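A.B. asks: Mind looking over this structure? Questions follow.
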Ligand SMILES: [Fe+2]
């Protein structure tokens, strides 16, 4: 073999970097596994009849899914940060806030600790600056 | 012979669809965004620019694919693709009509070219695919061209590398050029630019990164394609990773391109929006006038 050896990415280093971004949970395989049923529950809301059943009795609908109590509570509370901690991903969870008639801006804003008005104002003023929120370790 | 004549990039923010549906596309907030697309709309409506087929690169946002099946690169080879119901009912837009002959030709060619594609026939298309069509073509009864949806996984990590996306674009170009029918084919890369939709860091926008990205995409895509995922995440926000899909478009245009149009706006909802028209230098047409448009907060000087 005279071919140049392929440069491979070290998977452990690759994944470890993701923990170094402030205020961000990257949707890794580990999170995807943890949130499997939470995300599948959210996907079920792509059907009108399921949305109707969910809205009629949220708790009963959630009990049909293999969810942890924390995940169920996070859904009932519409606590999107807590749902992401339970392995949820925003594109899956969008089916939940769309069922509520809410936008991506509403859901994203709700995770920042700001009011909706403050968040909207920040966006109009150019959004959140990356300054200081790139890396925890490097403090930049 | 079929040719890739044009590459277009566009954001595909769902709020754009909501603005159209609620008649807000010309209000103070959305007016500059839709205004920036007006010249693209005019340009593409001209007979010489109208594509016969668009290879539309986008990411499925957990609509056609759920946690059960996560294809890295997929291609829609069916006759027709319905708008997905993403939780608020399907977008009231026409069905997307495919081009199975060309799609299967591309799929086979890509596999022979070492891209192990996932082939789909029945697949609903979400805002990632239909918003760019609405932005380019407005609200027609039927879309004016055929569309080959090409979804890329950028949701579940790891997504494909920039280099892999860039190489895929080159293989798409080769595949199109070996299709015997005389077709004007566009490759569109959608998504981005900087945005983050989750966690306490939501709302991140990075104008400097975005404008550099556009510049490098045009002039030095090879170097840009080597940028690791972590840089997208840190600089462009967790959802800014969608920008790897723009490299597929760029890879399909060959070495040198001419910039025909370059639009950048902050913000569209949570997102910095970018839209470009590029053509291979040898066959490029006239640039639009004006060629560069900045609007919204992107006009503010850096602090
Ligand atoms: Fe997207």
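A short reminder: the numbers here are calculations on the coordinates, not readings from a lab. The structure displayed is predicted, hence computed values, not measured ones. Neighbour counts run over all protein chains shown; Cβ positions are idealised from the backbone, glycine included.
A.B. asks: Between residue A:140 and residue A:14, what is the label-point separation in nm under the 7 Å Cα-to-beta-carbon projection?
C.D. replies: Output for this residue pair reads 2.3 nm.
A.B. asks: Right, here's the next one. I'd like the mean, over residues of A:53-63, of how many other protein chain beta carbons sit within 10 Å of each residue's own Cβ.
C.D. replies: So the per-residue partner count for this stretch is 0.
A.B. asks: Please compute, for peptide A:85-98, the average count of beta-carbon atoms on other protein chains lying within 10 Å of each residue's beta-carbon.
C.D. replies: 5
A.B. asks: Moving on to the next point. If you average over every viewing direction, what projected area does the convex hull of the Cα atoms of the range B:79-204 give, in nm²?
C.D. replies: One quarter of the hull surface, i.e. the mean projection, equals 9.4 nm².
A.B. asks: Moving on. What ranking do B:36-44, B:195-203, B:214-222, A:114-122 get when scored by the average of other Cβ atoms within 10 Å per residue, highest first?
C.D. replies: Those peptides, ordered most packed to least, come out B:195-203, B:36-44, B:214-222, A:114-122.
A.B. asks: Same structure again: Dimensions of the range A:63-140 along principal axes (Cα, Å, largest first)?
C.D. replies: 44, 32, 18
A.B. asks: Then there's this: Relative contact order for chain B: what is it in percent, counting Cα pairs under 8 Å that are at least 6 residues apart?
C.D. replies: Answer for chain B is 28 percent.
A.B. asks: Per-residue counts of other Cβ atoms within 10 Å, averaged by peptide: what ranking do you get for A:49-56, B:100-107, A:75-82, highest first?
C.D. replies: B:100-107, A:75-82, A:49-56
A.B. asks: A follow-up question, please. Rounded to whole Å and ordered largest first, report the semi-axes of the equivalent ellipsoid of the range B:166-235 derived from its Cα gyration tensor (root of 5λ).
C.D. replies: 31, 14, 11
A.B. asks: Give the percent of DSSP beta bridges with both residues in the protein assembly as shown that are antiparallel, rounded to the nearest 5.
C.D. replies: Counting DSSP beta bridges with both partners in the protein assembly as shown, the antiparallel share is about 40 percent.
A.B. asks: Send over the per residue convex hull volume for the range B:42-98, Cα only, as a whole number of Å³.
C.D. replies: Once divided by residue count, the hull of the range B:42-98 is 125 Å³.
A.B. asks: I would also like to ask the following. Relative contact order (percent) for chain A, with alpha-carbon contacts under 8 angstrom and 6 or more residues of separation?
C.D. replies: Averaging sequence separation for qualifying contacts and normalising by length gives 28 percent for chain A.
A.B. asks: Next question. Rounded to whole Å, give me the distance from the Cα center of the range B:84-125 to that of the range B:129-157.
C.D. replies: Going from one Cα centre to the other spans 10 Å.
A.B. asks: Within 10 Å, count the other beta carbons around each residue, average over each peptide in B:166-175, B:182-191, and list them highest first.
C.D. replies: So the order, starting with the most tightly packed, is B:182-191, B:166-175.
A.B. asks: Decide, for the range A:17-131, between rounded, prolate and oblate: order the square roots of the alpha carbon gyration tensor eigenvalues as a ≥ b ≥ c, take rounded if a/c falls under 1.5, and otherwise choose prolate if a/b is larger than b/c, else oblate.
C.D. replies: Oblate is the answer for the range A:17-131, as a/c is 1.5 or above yet b/c matches or exceeds a/b.
A.B. asks: Can I ask one more? Would you mind computing, in nm to one decimal, how far apart the modelled labels at residue A:115 and residue B:299 are, each placed 7 Å from Cα along Cα→Cβ?
C.D. replies: Once both label points are built, they end up 2.9 nm from each other.
A.B. asks: Further, regarding this structure: I want to check the label-to-label distance for residue A:73 and residue B:50. Put each point 7 Å from Cα in the C-beta direction and report it in nm to one decimal.
C.D. replies: Here the modelled spin labels are 5.9 nm apart.
A.B. asks: To continue, here is another question. What share of all Cα pairs of the range B:1-160, in percent, falls into each consecutive 10 Å distance bin?
C.D. replies: 10, 38, 36, 14, 1, 0
A.B. asks: Cα atoms only: what Rg and Dmax, in Å, come out for the range B:63-129?
C.D. replies: That works out to 12.9, 40 Å for Rg and Dmax.
A.B. asks: When a/c is below 1.5 the answer is rounded, else prolate if a/b is larger than b/c, else oblate, so apply that to the range B:1-77 with a ≥ b ≥ c taken from the square roots of the Cα gyration tensor eigenvalues.
C.D. replies: oblate
A.B. asks: In whole angstrom, how far apart do the alpha carbon centroids of the range B:210-246 and the range A:74-129 sit?
C.D. replies: For the range B:210-246 versus the range A:74-129, the Cα centre distance is 25 Å.
A.B. asks: Related question: Mind checking A:25-33 for the average number of partner chain beta-carbons within 10 Å of each residue's beta-carbon?
C.D. replies: Mean inter-chain Cβ contacts per residue within 10 Å come to 4.
A.B. asks: Given N residues in the range A:1-72, what is its alpha carbon radius of gyration divided by 2.2 N^0.38 Å?
C.D. replies: It is 1.75.
A.B. asks: Take the alpha carbon gyration tensor of the protein assembly as shown, find the square roots of its eigenvalues, order them as a ≥ b ≥ c, and report rounded if a/c is under 1.5; if not, report prolate when a/b exceeds b/c, else oblate.
C.D. replies: rounded
A.B. asks: Which angle between 0 and 90 degrees, to the nearest 10, do you get for helix A:90-99 versus the longest principal axis of chain A when only C-alpha atoms count?
C.D. replies: 20 degrees
A.B. asks: Debye sum, Cα scatterers, chain B, no solvent: what log₁₀ I/I(0) at q = 0.10 1/Å?
C.D. replies: Debye curve over Cα of chain B, log10 I(q)/I(0) at q = 0.10 Å⁻¹: -0.48.
A.B. asks: For the range B:198-282, taking Cα atoms only, what is the radius of gyration to one decimal and the Dmax to the nearest whole Å?
C.D. replies: For the range B:198-282, the Cα radius of gyration and maximum Cα-Cα distance read 13.2, 47 Å.
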